[in-house]
Amino acid sequence: MAPVPRPGPRLRRPHSTSPIRCGCPRFFTPSRTRTAYDASSCPCRRAGRESWPASRRPPGAHVIANDGGLLGAPVEVEEFSLTPGERAEFIVTFAPGEQVVLRTAGNGVDIGEGDFDLLKLIAAKDLKPAPDVPARLAPLTPITAPAGARVRRFRLSGHDAINGKEMDMARIDEVVPAGAVEIWEIENNVYSHNFHIHEVAFQVLEMDGSPPPAYAAGYKDTVYVPAKSVVRLAVQFGDFIDPASPYMYHCHILRHEDSGMMGQFVIVAPGTESQVSLTIPTHTGH
Ligand SMILES: [Cu+2]
């Protein structure tokens, strides 16, 4: 069976180049209030660089990793999209004394609301030179679905169900053979959502017929699903078999997953899919 791709080592931090994460409140402090957690409007953007003459302007922010680890190469960005549950890591180069604000912008996306500042960074007046961001980071092995791979479709038509079904902890929705590579197709008929799958690594094949942005390449477990769009994923499942302990997939917008926009799958020995019980005992109290 093909092994699940694993990310390479993290970059070490050079002297005057600071890796930062998006400062969206739900990312840093997911235990905050629901309001803060849901205030996840995207994309985030870096502001304040306009005050620098172009000839002296230092390089911008580079995305070097996302949900599943390092990208193949750094991607320079001025702004980027990050929905609830997605992660990103950056290298940001500062000029001495530079002040930079990381901002979130609603941009009309209906996940969050409004524009506001997230994080202000003030560089020291004296900085030591840092090495350039490496041109190559980690080899990315494409997750390739074999010919005839299983295609599963998930329809998002509101805010409280997937394929018309609310979450039921006693119900198994999907049964997956261990080690499989499948195509999961997320069809969103309404406003913006995203989609998170536990246990797996996936790569985004298409977002409404187009490749994903370069910074969303690589191994991920959460993907933005824009309003009225179809997102296709190549999903690599692991080898651990347990027909009685399901994993979840769900929209990662807190108010949606709490409303039941979630389903469950189990991983079983190949060839035993039809023998698996689709009803499991549940525990009380959570
Ligand atoms: Cu949602």
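Each part reduced to its alpha carbon centroid, region 178-192 and region 225-281 end up 10 Å apart.
Pull out a ≥ b ≥ c, the square roots of the eigenvalues of the alpha-carbon gyration tensor of region 151-275, then state rounded if a/c is under 1.5, prolate if not and a/b is larger than b/c, and oblate in the remaining case. In terms of gyration-tensor shape, oblate. Within the shell defined by Cβ-Cβ distances under 10 Å, the residues around residue 260 carry a net charge of -4, with Lys and Arg each +1 and Asp and Glu each -1. Near residue 71, the amide H atoms lying under 5 Å from its own belong to 65, 66; only residues 5 or more places off or on other chains count, and H is placed 1.01 Å from N. What residues from region 189-212 fall in the zone where the backbone N is under 19 Å from a label point 7 Å along the Cα-to-C-beta line of residue 242? Answer for this model: 197-201.
As a fraction of the 1.4 Å probe accessible area of region 151-275, surface on carbon and sulfur atoms comes out at 52 percent. Pairs of Cα atoms nearer than 8 Å and 6+ residues apart set the relative contact order; for region 151-275 it is 36 percent.
Taking a ≥ b ≥ c as the square roots of the eigenvalues of the Cα gyration tensor of region 221-286, is the shape rounded (a/c under 1.5), prolate (a/b larger than b/c) or oblate?
oblate
The trypsin sites (Lys or Arg not before Pro) of region 80-139 that meet both conditions, a loop assignment by DSSP and at most 11 other Cβ atoms within 10 Å of the site Cβ, are 125, 136.
A cut-off of 5 Å between modelled amide H atoms, ignoring neighbours fewer than 5 places along the same chain, links residue 201 with 236.
The values are calculated or read from the model by the stated rules, or taken from the named source; none is laboratory data. Predicted model, so just to flag it, every value in this text is computed and none were measured. Here Cβ is always computed from backbone atoms with ideal geometry, including for glycine, and neighbour counts include all displayed protein chains. Only protein heavy atoms, including side chains, enter the accessible area calculation; ligands, DNA and RNA are left aside. Shrake-Rupley method; radii C 1.70, N 1.55, O 1.52, S 1.80 Å.
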